[in-house]
Amino acid sequence: MYLCHNFERKLILWFISMRKGFYVVFFVCVGMVFFSTGCTDKKPAAADSTEVVQPDTDTTALDTLEEIMAETPIPKAADELFDDFIYNFLGNRKFQKSRIKWPLPVVSGSRTNLVQAKKWSQEQLFLPQSYYTLILDSRKELKLSKDTSVNHVVVEQIHLEEDNVKSFVFDRLEGQWQLTKVTKTPMEQNVNASFLSFYNKFSVDSAFQAKSLSESISFSGPDPDDEYKDVHTSISPEDWMYYAPTDLPQGTIYNIIYGKKTTSGKKKYFLLRGIANGQEMEMTFQLVEDEWKLTGVKE
């Protein structure tokens with residue numbers, strides 16, 4: 001079942017990155033997956049069973065599906081907006097290699113390693129987890145993702161527990177988006193260092209989270225007493241447990257910076273966006289007397 005679900009997720013992600021005229025590929029892929037893999041609802045063997053279950057090592061369907069993806073033409077519109085480009089870049093191995101400026105500088109501290117194409121392994125970043133996060137100083141920054149004049153974007157892979165940030169730098173060169181550099185830096189050097197350090201604790205420590213709530217938190221989202229009803233209200237820290245989002249991203253999160261950003265404000269909008277389901281959650285934080293406080297949640 002896990003394999004089937006994994007296929008389904010990849011197909012959905014690939015499907016949303018395609019444009020009108022390429023849908024037929026999606027349906028061909030679906031047919032191949034379900035007829036080639038024989039997905040079933042088989043239950044696992046009992047814990048005390050002596051039967052040895054051999055893993056399915058037949059990767060024929062996977063290889064064929066990947067070949068079809070690689071041969072599918074990339075829409076020209078993919079270079080107009082970075083968001084369209086990045087899904088194709090992450091999901092198509094052949095296309096990814098064609099959009100990297102070789103040799104690729106990979107910088108860590110004072111050391112620079114020039115990576116050749118034959119040494120490159122496909123990078124999928126946030127694609128396998130089916131969601132990504134954004135850290136903004138204002139909602140106006142969201143408009144930049146729809147601005148066709150933006151020619152420089154950085155995708156940050158933030159390792160909270162390891163205190164470092166791996167940045168993938170993209171530039172639009174001669175009308176085409178390309179990965180031009182990868183850098184690895186300590187988290188303390190990041191423009192959002194203060195907030196990232198705070199969020200690392202906020203996402204894993206319930207006691208710290210309780211201390212990081214403002215006196216009044218604006219909330220828009222599902223009613224905890226009625227899942228079919230939305231509420232728009234202000235809640236107190238005492239009632240937070242009934243409204244608090246579950247399963248906040250931990251460990252590794254992502255951020256996409258459109259354009260160049262060198263300063264950080266006293267307000268942060270932390271967005272969690274689903275790739276295939278269109279769901280979104282927004283949390284607002286305010287720096288008050290050098291301490292970050294949660295002031296609002298919108299689901």
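The values are calculated or read from the model by the stated rules, or taken from the named source; none is laboratory data. Just so you know, these numbers come straight off a predicted model, no measurement behind them. Every residue, glycine as well, gets a Cβ built from its backbone with ideal geometry; the counts of neighbours run over all protein chains shown. Only protein heavy atoms, including side chains, enter the accessible area calculation; ligands, DNA and RNA are left aside. Shrake-Rupley method; radii C 1.70, N 1.55, O 1.52, S 1.80 Å.
Summary table below
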| quantity | calculated |
| --- | --- |
| One residue from 280, 238, 227, 289 being touching a strand residue (DSSP E or B) at 6+ places or on another chain (Cβ under 6 Å) and open to solvent by 30 Å² or more (accessible area, probe 1.4 Å) | 280 |
| Residues (surrounded by fewer than 19 Cβ atoms within 10 Å (Cβ to Cβ) and either more than 24 Å from residue 113 (Cβ to Cβ) or touching a helix residue (DSSP H, G or I) at 6+ places or on another chain (Cβ under 8 Å) (or both)) located in region 189-202 | 191, 193, 194, 197, 201 |
| Residue list for region 139-158, restricted to those being under 27 Å from residue 188 (Cα atoms) and of a type outside the set (A, V, I, L, M) | 139, 140, 141, 145, 151, 152, 156, 157 |
| Leading residue by the ranking (farthest from residue 187 (Cα to Cα)) among those in region 110-138 that are in contact (Cβ under 8 Å) with a residue 12 or more places away in the chain and small (Gly, Ala, Ser) | 117 |
| Residue match in region 256-272 (condition: assigned to a strand (DSSP E or B), of a type outside the set (Ser, Thr, Tyr) and open to solvent by 50 Å² or more (accessible area, probe 1.4 Å)) | yes |
